[in-house]
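Read the structure below first, then the notes.
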Amino acid sequence: MGRHNSTCRLPEFALPPRSSHSFCLPTSARLRDNNFDLLRLLFAATVCLVHAHLLSGFAALAAFSAILSSVVAVKAFFVVSGFLIVMSYERSHTLGDYAQKRLRRIYPAYAAVVVLCAVGLVTVSSQSAADYFFSVAWFKYLLANLAFLNFVQPSLPGVFDGNLVNAVNGALWTLKIEVMFYLSVPVLVWLMRRLGHGRILLLAYAASIVYAQVLMGMADRTGSGLYAELARQLPGQLSYFVAGAALYYYLAWFERHAWRCLTGAAVALAALHWVPPLQASLALLEPLALAMVVVFLGLFGYLGRFGRYGDFSYGLYILHFPIIQLLLHSGWFRDAPGTFLATVLLTSMAGAVLLWHGVEKRWLLRSSHYVAAEQVAKDR
């Protein structure tokens, strides 16, 4: 491998010597030159393609739902977040520095999309503008969604009632989990520095697996969708985030055994899907196996500075759902699924580019690697 070295640092918080832990943080060149921007764009595109089929019901698009998995794409997003967010925290000078970076990265674009939908979709509402803007549902939508509580009010009055689903932006449910991951990182890191990284990572991973397995078992026994919905919330998704974080902290080990890890992970994931007798036991390893595949693809086989023109994955993710709904509402594509799909992809990507340059980039700190990458591209 030849690209890894490490530097040891003491814990940020003053603790009694007996309970303090030093840890060698990775400084591999792969942390600077990687494919994570490209992967996130592919994951966002996967979710977009699957939603294009599920929301439209077009049989011609069914192959996307059969071949691709939006569920796996979202889990992969969480893995990447676990890897990159703990790295961001470890590189932050203070807790305030970390909080500012996370807030600037996620909230301006999110708020812009929520407000744009709340205001702009009056044009397609079946209600009058007065009834629309002065309804309880409109205020509830705006306030709940701005607070990442989209499940409280997912729809707007008189909007998309004729569509298969009337939710304005069903993709936003993952953002509240992402924010809770951000909030959990300082606590997890504090515990790791006090009690040991491996111990806390393993405990968090195991607790998340147990939580998800218990709730999914209750869902199977009772037939209640509530348990399945609870299983996919923060505790049930934490295993993917923690698996990504673990591969960051133990990157030196992962780099030395990368191909073995990839092979084992690929075999485990294949068996999980195609060997039913092994599914129950392999489900315990699925988050870690997926993390190994995702992080391997992110760090090995560098494909160039994909993010030098911007990071459009977030914009694509938070914009595609209302765009699909709006295009379906128009009724222009009832007999043209191919044209519908092409329009979805083009308008969603165009919206993502505009959102990046109009909102996201303006809120980034000068220290952001996107700002630096763009400057390098300009200098060339």
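Expressed in nm to one decimal, what extension gain is obtained for the pair Phe151 and Ala60 from 0.36 nm per residue of sequence separation less their Cα-Cα distance? Let's see the in-between values first.
Values: separation 91, 0.36 × 91 = 32.76 nm, distance 3.02 nm.
Here the answer is 29.7 nm.
Provide, as a two-decimal number, the C-alpha radius of gyration of the range 281-352 over 2.2 N^0.38 Å, N being how many residues it has. Show your work: numbers first, answer last.
Numbers: Rg = 17.6 Å, N = 72, 2.2 N^0.38 = 11.2 Å.
Rounded to two decimals, the normalised Rg is 1.58.
Run the dipole for the range 193-338 about the Cα centre, Lys and Arg Cβ at +1, Asp and Glu Cβ at -1, nothing else charged, and hand back the magnitude in debye, nearest 20. Walk me through the numbers on the way to the answer.
Working: 10 positive and 6 negative charges, 100 e Å.
Once rounded to the nearest 20, the dipole reads 480 debye.
For Lys361, give me every one of the aspartates and glutamates with a C-alpha distance below 16 angstrom, ignoring sequence neighbours fewer than eight places off in its own chain.
Within the straight-line limit of under 16 Å, Lys361 reaches these aspartates and glutamates: Asp37, Asp311, Glu374.
Search the structure for amide H atoms under 5 Å from the amide H of Phe23, placed 1.01 Å from N in the peptide plane, and list their residues when 5 or more places away or on another chain.
Here the answer is Arg9, since their amide H atoms fall under 5 Å of that of Phe23.
Normalised by the residues of the range 271-361, what does the relative contact order come to in percent, with Cα pairs under 8 Å and at least six apart?
Numbers: 43 pairs, mean separation 25.9, N = 91.
Here the relative contact order equals 28 percent.
Give me the net charge of Val80's neighbourhood, meaning all other residues with Cβ under 15 Å from the Cβ of Val80; Lys, Arg count +1, Asp, Glu -1. Don't skip to the end; give the middle numbers.
On the way: positive: Arg30, Arg40, Lys75, Arg102, Arg105; negative: Asp37, Glu178, Asp311.
So the surrounding residues net to +2.
If a/c stays under 1.5 just call it rounded; otherwise compare a/b with b/c (prolate if a/b is bigger, oblate if not). Do that for the range 186-321, with a ≥ b ≥ c from the square roots of the Cα gyration tensor eigenvalues.
Working: a/c = 1.39, a/b = 1.29, b/c = 1.07.
Rounded.
Over the chain, what is the mean sequence separation of C-alpha contacts under 8 Å (at least six apart), divided by residue count, expressed as relative contact order in percent? Working shown, then result.
On the way: 487 pairs, mean separation 96.6, N = 380.
Relative CO of the chain lands at 25 percent.
With θ set to phi - 60° and the Karplus curve 6.51 cos²θ - 1.76 cosθ + 1.60, what are the ³J(HN,Hα) couplings of the range 306-323 in order, to the nearest whole Hz, using x for Gly and Pro?
5, x, 5, 9, x, 10, 9, 5, 5, x, 4, 5, 8, 9, 5, 5, x, 5
Can you pull the Rg over Rh of the range 44-170, Cα-only, Kirkwood?
1.06
Cα-based Rg of the chain per 2.2 N^0.38 Å, rounded to two decimals? Can you show the working numbers first?
Details: Rg = 21.7 Å, N = 380, 2.2 N^0.38 = 21.0 Å.
Rounded to two decimals, the normalised Rg is 1.03.
Rounded, prolate or oblate: which one fits the range 172-222, using the alpha carbon gyration tensor with axes a ≥ b ≥ c (rounded when a/c is under 1.5, else prolate when a/b beats b/c, else oblate)? List each step's numbers first, then the result.
Numbers: a/c = 4.72, a/b = 1.47, b/c = 3.21.
It comes out oblate by the Cα gyration axes.
Coordinate-derived values only; no laboratory data. Just so it is clear, the structure is predicted and the values come from calculations on it, not from any experiment. Ideal geometry is used to build each Cβ from the backbone, glycine not excepted, and the neighbour counts take in all protein chains shown.
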